[in-house]
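Asks: Here it is, the structure in full.
The values are calculated or read from the model by the stated rules, or taken from the named source; none is laboratory data. Given the structure is predicted, the values throughout are model-derived calculations rather than measurements. Here the Cβ is made from the backbone with ideal geometry for all residues, glycine too, and neighbour counts use every protein chain on show. Just the protein is used for accessible areas: all its heavy atoms, side chains included, with ligands, DNA and RNA removed. Shrake-Rupley method; radii C 1.70, N 1.55, O 1.52, S 1.80 Å.
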Amino acid sequence: MMISTKGRYALRLLIDVAEHQEGGYIRLRDAAKRQGISEKYLEIIVRALVQEGYLTGVRGKGGGYRLSKAPEEYSVRRVLEAAEGPLAPVVCLEGGCPRMDGCPTLPLWQGLDRAIAEYLEGFTLADLLRGGGAAALPGTGEAPGGA
């Protein structure tokens, strides 16, 4: 599983909006410039985030986007799924594999899927705003790798 630019940019956009929305709605052009991301590409990402209820948009003068909820209510996992679709590490977990019933590797992939989901679910947008996303494992205060 690899998180694409859609997922990474979705998180960056939400962080940018959260940091700047106190003055009102954030124009996509301004966020794109601050983040160094194509405005056209962000338009695609914004559509998914609005559809999933993460952003609220207003058109016209003074319009733009703002968070629909508090940053603590945004699970990193859910944001990535909104931007990327399923985060399953292998296609067979998305269903439809004719070999699932007798597959000796299925428990491995299911366990990896659970570990990824639990890890990402342990972080919120608020954690990333505080800079806690890279420094600690969720809920432990420990650095990744036990160091």
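Asks: How many Å² of accessible area per residue for the chain, probe 1.4 Å?
Replies: Value returned for the chain: 60 Å² of accessible area per residue.
Asks: Which entry in (i) 15.5, 57; (ii) 15.7, 47; (iii) 17.4, 59 is this structure's computed Rg and Dmax of the Cα atoms in Å?
Replies: Read-out from the structure maps to (iii).
Asks: Of all accessible surface on the stretch 1-129 at a 1.4 Å probe, what whole percent is carbon and sulfur?
Replies: Reported share for carbon and sulfur atoms: 51 percent.
Asks: How high is the FRET efficiency from A126 to R59, r the C-beta distance, R0 30 Å, rounded to 0.05?
Replies: 0.60
Asks: If you take the beta carbon distance between E22 and R78 as r and set R0 to 22 Å, what does 1/(1 + (r/R0)^6) give as a FRET efficiency, to the nearest 0.05?
Replies: The computed FRET efficiency comes out at 0.40.
Asks: Given only helices, namely DSSP H runs of n ≥ 4 each adding -39500 (n - 2.57), what is the per-residue ellipticity at 222 nm of the chain, to the nearest 500 deg cm²/dmol?
Replies: It lands at -14000 deg cm²/dmol.
Asks: Something else about it: What is the distance in Å between the Cα centres of the stretch 102-120 and the stretch 19-89?
Replies: Rounded to whole Å, the Cα centres lie 30 Å apart.
Asks: Related question: Want the number for R114 to L87: 0.36 nm per residue separation, take away the alpha-carbon distance, what's left?
Replies: That pair, R114 and L87, stretches by 8.7 nm at full extension.
Asks: Each residue of the stretch 51-60 in order: what ³J(HN,Hα) in whole Hz does its phi give by Karplus 6.51 cos²θ - 1.76 cosθ + 1.60, θ = phi - 60°, with x for Gly and Pro?
Replies: My calculation for the stretch 51-60 gives 4, 8, x, 7, 10, 10, x, 10, 8, x Hz in order.
Asks: A further question follows. Quick query: amide H of T124 versus all other amide H atoms, modeled in the peptide plane; which residues come in under 5 Å with a sequence gap of 5 or more or a different chain?
Replies: It is V76, by chain and number.
Asks: Quickly rank 54-64, 5-15 as a protection proxy: mean count of other C-beta atoms within 10 Å, highest first.
Replies: 5-15, 54-64
Asks: While we're here: Dipole of the chain, Cα-centred, from +1 at each Lys and Arg C-beta and -1 at each Asp and Glu C-beta, to the nearest 20 debye?
Replies: 700
Asks: At a Förster radius of 25 Å, what calculated FRET efficiency corresponds to the Cβ-Cβ distance of R29 and T5, to the nearest 0.05?
Replies: Efficiency for this residue pair is about 0.85.
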